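Here's the structure, in structure tokens; my notes come after.
The values are calculated or read from the model by the stated rules, or taken from the named source; none is laboratory data. Computed from a predicted model, the values in this text were never measured in an experiment. Glycine also receives a Cβ, built like all others from the backbone with ideal geometry; neighbour counts cover every protein chain displayed. The protein model used for the area step is the full one, side chains on, heavy atoms only, and it has no ligands, DNA or RNA in it. Shrake-Rupley method; radii C 1.70, N 1.55, O 1.52, S 1.80 Å.
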Amino acid sequence: MSSNYTFQTKLLHNNQKFDPETGAVSVPIQHASTFHQKDIDAFGKYDYSRSLNPTREALEEVIAELEEGIRGFAFSSGMAAISTAFLLLSQGDHVVITEDVYGGTYRMTTEVLSRFGIEHTFVDMTNLEEVKEAIRPSTKVFYVETPSNPLLKVTDIQAISSLARQHGALTFVDNTFLTPALQKPLSLGADIVLHSATKFLSGHSDVVAGLAVVKDPELGARLAFLQNSFGAVLGVQDAWLVLRGIKTLQVRLDQSVKSAEKIAGFLNDHPSVKKVHYPGFADHPGYEIQKKQAVNAGAVLSFELEDELSMRTFVENAKIPVFAVSLGAVESILSYPAKMSHAAMPASERDQRGITDSLLRLSVGLESADDIIEDFKAALSAAGQTKHSILQRG
């Protein structure tokens with residue numbers, strides 16, 4: 001139906017445009033947990049909602065089309081999607097995984113998969129030679145997060161996927177930061193694309209959800225079996241909320257990315273900011289790859305202040321962003337990775353990866369970029385004054 005439309009139009013005009021039975025322009029929420037069967041030998045399409053539910057199915061069809069895959073899956077959280085995908089592995093298998101991965105994925109890999117005899121090697125996935133050196137005969141998955149969380153490193157999806165195919169392994173890509181509006185990993189060779197749909201896809205800080213999409217029917221059947229077996233499926237009310245959020249994805253991202261570029265430039269030029277991590281800068285190591293595989297650099301950036309005291313003073317004085325876990329919402333969200341997204345990662349591991357105690361991550365929302373910049377100017381000034389007064393006393 002929507003194959004010839006642009007992505008922006010497909011967000012609204014797809015197979016879920018209206019209910020064929022009633023004409024309703026909102027997907028019906030089917031709360032039923034079980035479904036009456038008319039024939040003892042031939043069950044209908046739906047029998048039990050853990051296995052399949054019409055509302056969840058609508059979301060799964062929409063995300064599959066947007067990611068240019070053949071089958072989608074909706075889970076109760078982003079970690080449920082990631083964990084279920086990892087269940088494709090067996091004892092003795094090995095995962096090559098990007099080193100500055102989301103803290104929840106780090107925890108799943110190091111503290112859960114390891115208990116089941118699934119081994120892992122963390123690597124800097126921006127360095128293909130380092131990736132190649134980590135490969136073992138038992139390597140079955142290459143796990144990519146690009147741009148990475150929280151240092152915004154850029155991995156070449158096409159290169160990693162090609163390497164994985166050469167070794168008979170799968171490529172998983174966490175596409176949470178960019179969504180299919182800005183990056184389509186399956187078209188670049190990945191096998192499974194994963195999302196915390198809690199973030200940009202739903203976009204309103206009111207739902208927790210995860211999504212996965214595959215491009216191979218056989219892999220889709222295996223993941224469907226695991227989804228049904230593990231059972232961490234998305235509830236129907238939450239599926240409806242994600243569907244509603246997806247409709248405004250393009251306009252939200254357009255505004256947020258435009259503001260992120262402006263705010264990143266301001267921070268980069270400010271003398272009190274030690275470093276800004278944003279792949280939209282021409283001097284970013286992954287700039288060219290980002291340009292090649294994505295529409296733009298996205299709406300998330302991170303930045304380091306001079307020390308932890310400056311960071312704390314800045315957070316206390318920044319008024320506009322919500323200081324919270326998560327990202328990708330209509331409101332800007334300021335996070336402290338060391339104690340939020342990456343709290344599961346030991347301090348020594350964070351230090352090794354460059355996730356310092358003065359690093360903050362900003363997900364830019366829909367507020368005026370100029371207002372945020374003025375807010376940050378005042379917060380940075382307060383941080384500078386606090387440090388100056390302490391130095392004077394010392």
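The residue list LYS184, LYS199 contains one member that is under 23 Å from PRO285 (Cβ atoms), in contact (Cβ under 8 Å) with a residue 12 or more places away in the chain and open to solvent by 10 Å² or more (accessible area, probe 1.4 Å), which is LYS184.
Search the range 101-150 for residues being surrounded by fewer than 17 Cβ atoms within 10 Å (Cβ to Cβ) and either outside the structural domain of ASP191 (by the TED database) or aliphatic (A, V, I, L, M) (or both), and hand back the single one that is nearest to GLN183 (Cα to Cα). Across the range 101-150, the extreme among qualifying residues is LEU128.
Being over 18 Å from VAL95 (Cβ atoms), open to solvent by less than 10 Å² (accessible area, probe 1.4 Å), in contact with a helix residue (DSSP H, G or I) (Cβ under 6 Å, 6 or more places away or on another chain) and outside any strand (DSSP E or B) is a description that does not apply to GLY220.
Taken together, VAL193, VAL213 contain a single residue that is within 30 Å of ALA282 (Cβ to Cβ), assigned to a strand (DSSP E or B), touching a strand residue (DSSP E or B) at 6+ places or on another chain (Cβ under 9 Å) and at pLDDT 95 or above, which is VAL193.
Counted as qualifying within the range 234-341 are the strands (runs of 3 or more DSSP E) with 2 or more residues that are open to solvent by 40 Å² or more (accessible area, probe 1.4 Å), namely 273-277.
Taken over the range 152-183, the criterion of being charged (D, E, K, R) and out of contact with any Phe, Trp or Tyr (no Cβ under 9 Å at 6 or more places or on another chain) is satisfied by LYS153, ASP156, ARG165.
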